[in-house]
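Participant: There's a structure below that I have some questions on.
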Amino acid sequence: MSFLQRVVGTVAKGYQSWVAKDLAKYGLLYEDVIMHENPDVQAALKYIPPEEVEARNRRLRRALDMSFKHKTLPKEIQAVQDTDKFYLNETMDEIRALREEREKLQNSKFLF
């Protein structure tokens, strides 16, 4: 591993830690802050269980409310937050693969 890769790895870990702490202040997960306007996110939200969508919406509403009030979650609750739980990643990958395959078929020179 080169020196540059070690430096970038160290900086990346520090950044991930900083983001995780910032998300935990409001009780958010990493995938909660992915832009909802992204068509892949919109499609993935249709395929995950409704309970997960409702939990996401509640976390977002709580974070927005706390932000407006200039408050954060208590430290003991922040400590137990797991910001690395991924609930959209696999579904978004599948949606993205389907979209790319559809685009390739539509742009194909050969029509059947």
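Participant: Explain nothing, just compute: Karplus ³J(HN,Hα) = 6.51 cos²θ - 1.76 cosθ + 1.60, θ = phi - 60°, for every residue of segment 15-28 in order, whole Hz, x for Gly and Pro.
Facilitator: Whole-Hz 3J(HN,Hα) from phi for segment 15-28: 5, 4, 5, 4, 5, 4, 5, 5, 5, 5, 4, 10, x, 9.
Participant: Output needed for segment 32-77: three equivalent-ellipsoid semi-axes, defined as square roots of 5 times the C-alpha gyration tensor eigenvalues, in descending order, whole Å.
Facilitator: The three semi-axes for segment 32-77 are 25, 13, 8 Å.
Participant: Can you give the helix-only mean residue ellipticity at 222 nm for the chain, where every DSSP H stretch with n ≥ 4 adds -39500 (n - 2.57) and the sum goes over all residues, rounded to the nearest 500 deg cm²/dmol?
Facilitator: Mean residue ellipticity, 222 nm, calculated: -22500 deg cm²/dmol.
Participant: Number of Lys-Lys pairs in the chain under 24 Å by Cα, sequence gap 8 or more or different chains?
Facilitator: Within the chain, the lysine pair count is 16.
Participant: Rounded to the nearest 10 Å², what accessible area does M35 show when all protein chains are kept and the probe is 1.4 Å?
Facilitator: Surface accessible to solvent at M35 totals approximately 120 Å².
Participant: Find which of V80, V53, F68 sits farthest along the positive direction of the dipole of segment 35-112, computed with +1 on the beta-carbon of Lys and Arg, -1 on that of Asp and Glu, about the Cα centre.
Facilitator: F68
Participant: When only Cα pairs under 8 Å and 6 or more residues apart are kept, what is the percent relative contact order across the chain?
Facilitator: Value for the chain: 39 percent.
Participant: Quote the charge dipole size of the chain about the Cα centre in Debye, to the nearest 20; the model charges only the Cβ of Lys and Arg (+1) and of Asp and Glu (-1).
Facilitator: Value, rounded to 20: 420 debye.
Participant: Return one whole number: the accessible area per residue of the chain in Å², for a 1.4 Å probe.
Facilitator: 80
Participant: So between I48 and V33, what do we pick up on full extension, going 0.36 nm a residue minus the alpha carbon distance?
Facilitator: Here the segment from I48 to V33 would lengthen by 3.7 nm.
Participant: Given springs between every Cα pair under 10 Å in a Gaussian network model of the chain, which of A44, A63, A97 has the largest fluctuation?
Facilitator: Among A44, A63, A97, the largest mean-square fluctuation in the Gaussian network model of the chain belongs to A97.
Participant: The list (1) 20; (2) 45; (3) 51 gives values of percent of Cα pairs over 24 Å apart, and only one came from this structure; which label was calculated from it?
Facilitator: (2)
Participant: Let me ask another. Taking R0 as 41 Å, what's the FRET efficiency between R96 and R62 from their Cβ-Cβ distance, rounded to 0.05?
Facilitator: Efficiency, from the Cβ-Cβ distance: 0.90.
Participant: If you don't mind, there's one more thing I want to ask. Could you look at the chain and say what percent of its accessible area is carbon and sulfur, using a 1.4 Å probe and all protein chains?
Facilitator: Its accessible area is 58 percent carbon and sulfur atoms.
Participant: Which one of L73, L98, L28 has the biggest mean-square fluctuation once the chain is modelled by GNM with Cα springs under 10 Å?
Facilitator: For the chain, modelled as a Gaussian network with Cα springs under 10 Å, the answer is L98.
Participant: How many nm is it between the label spots at Q106 and D84, if each spot is 7 Å from the Cα in line with the beta carbon?
Facilitator: 3.8
The values are calculated or read from the model by the stated rules, or taken from the named source; none is laboratory data. These numbers come from a predicted model, not from an experiment. Every residue, glycine as well, gets a Cβ built from its backbone with ideal geometry; the counts of neighbours run over all protein chains shown. Each accessible area value is taken on the protein alone, full model and side chains, heavy atoms only, with ligands, DNA and RNA left out. Shrake-Rupley method; radii C 1.70, N 1.55, O 1.52, S 1.80 Å.
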